[in-house]
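Input: a single structure, listed below in structure tokens.
The values are calculated or read from the model by the stated rules, or taken from the named source; none is laboratory data. Every value quoted in this text rests on a predicted model; they were computed, and no experiment measured them. Please note: Cβ atoms are built from the backbone with ideal geometry, for glycine as well, and neighbour counts cover all protein chains shown.
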Amino acid sequence: MAAADAAGAVGMRGAPARLRRATGLPVAFGGLVEPGRQRMRISELSGAATPALRGFAVTSGNGLGGKAVALARPCAVTDYSLSRQISHEYDAAVAQEGLRSVLAIPVVVRRRVRGVLYGALRTAQPLGDRTLNAAVGVARDVEQTLVVGDEARDLLSAARPEPGPGSAAGWERVREAHAALRALAPRIADPALRAELLDVCGLLTARTPTQGVTLAPRELDVLTCVAAGATNATAAEHLGLRPETVKGYLRSAMRKLGAHTRGEAVVAARRAGLLP
């Protein structure tokens, strides 16, 4: 699966466990809104005692999660089955899991709800602002993962169709996409998604890297920026590094490639199959 397509699934997969750690709540679960539908399906659970909620579909407006989808804001109840603030289509599944106090945090990207994260207690007691704020923080992390995934998909789309040997403009699009994807990768906290995104970068290179020529990830990041025409200062800004650090990585890459100038290093890296 391509990194862009997997971004939401990967981000949500780790989110319930992160929510439990951040809030101290014993149960957390969540899922993504199905594309083109006003329905969210619970796909990930952490701390659940039964399978009652796994795969459960929640329609916008219904129950606590559906209310969070419809309003695009966090919602919480102190006692789910007795609450007058929500509808009760899903009481049986919630009761089977033994949940009482529940919060639901929408995952919102570009003003569109893309998913919901829940946290819950098996006792009826208020969930304070500290717990709510911690849960919102986890949802923001998932949102950032989705944003990065969207950007990656857009960049890959811009690089298609794959250019032929004589298409200079097409290869330039591929090179721009490669540089942008390498710059996005350090922003991804989830190591699995970051690795997938870097794998996609590898697919954009011209061919299999030459045996014996190996650059460290940051050396390749810097050289990718240089290939796109960035100065050391601009590369530092894109990569979140100091200009002096960029210079160090560039010097190291040049030494490994046997290059004496920035331009020679880019040419050598392309010949070695390290850059598109």
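Things worth noting here:
- Cβ pairs under 6 Å, 6+ apart, first in segment 234-251 and closer than 20 Å to ALA265 by Cα, second β-branched (Val, Ile, Thr): ALA235/VAL222; ALA235/VAL246; ALA236/VAL246; VAL246/VAL222; TYR249/VAL222; LEU250/VAL222
- Among the conditions (1) exposed (fewer than 14 other Cβ atoms within 10 Å of the Cβ); (2) assigned to a helix (DSSP H, G or I); (3) modelled with pLDDT of 90 or more; (4) not hydrophobic (A, V, I, L, M, F, W, C), SER157 misses just one, which is (3).
- You will find that of ALA57, ALA76, ALA70, the residue that is farther than 20 Å from ARG13 by Cβ and surrounded by fewer than 17 Cβ atoms within 10 Å (Cβ to Cβ) is ALA70 and no other.
- Subset of segment 95-107 (residues that are hydrophobic (A, V, I, L, M, F, W, C) and either modelled with pLDDT under 95 or surrounded by 22 or more Cβ atoms within 10 Å (Cβ to Cβ) (or both)): LEU99, VAL102, LEU103, ALA104, ILE105, VAL107
- Subset of segment 243-265 that is more than 14 Å from THR231 (Cβ to Cβ) and of a type in the set (Lys, Arg) - its residue that is surrounded by the most Cβ atoms within 10 Å (Cβ to Cβ): LYS256
- Checked against (1) assigned to a loop (DSSP other than H, G, I, E, B); (2) modelled with pLDDT under 75; (3) closer than 27 Å to GLN144 by Cβ, LEU193 passes all but a single condition, namely (1).
- On the stretch given as segment 228-276, residues that are part of a loop (DSSP other than H, G, I, E, B), out of contact with any helix residue (DSSP H, G or I) (no Cβ under 8 Å at 6 or more places or on another chain) and closer than 22 Å to ASP199 by Cα total 1.
- Contact map, segment 70-85: residues that are touching a residue at least 60 places away in the same chain (Cβ under 8 Å) paired with residues that are surrounded by 13 or more Cβ atoms within 10 Å (Cβ to Cβ), Cβ distance under 6 Å, separation 6+ or inter-chain. Pairs shown: PRO74/ILE105.
- Segments classed as helices (runs of 4 or more DSSP H), wholly inside segment 1-118, with at least 2 members that are in contact with a Pro (Cβ under 7 Å, 6 or more places away or on another chain) and closer than 18 Å to ARG140 by Cβ: 63-71
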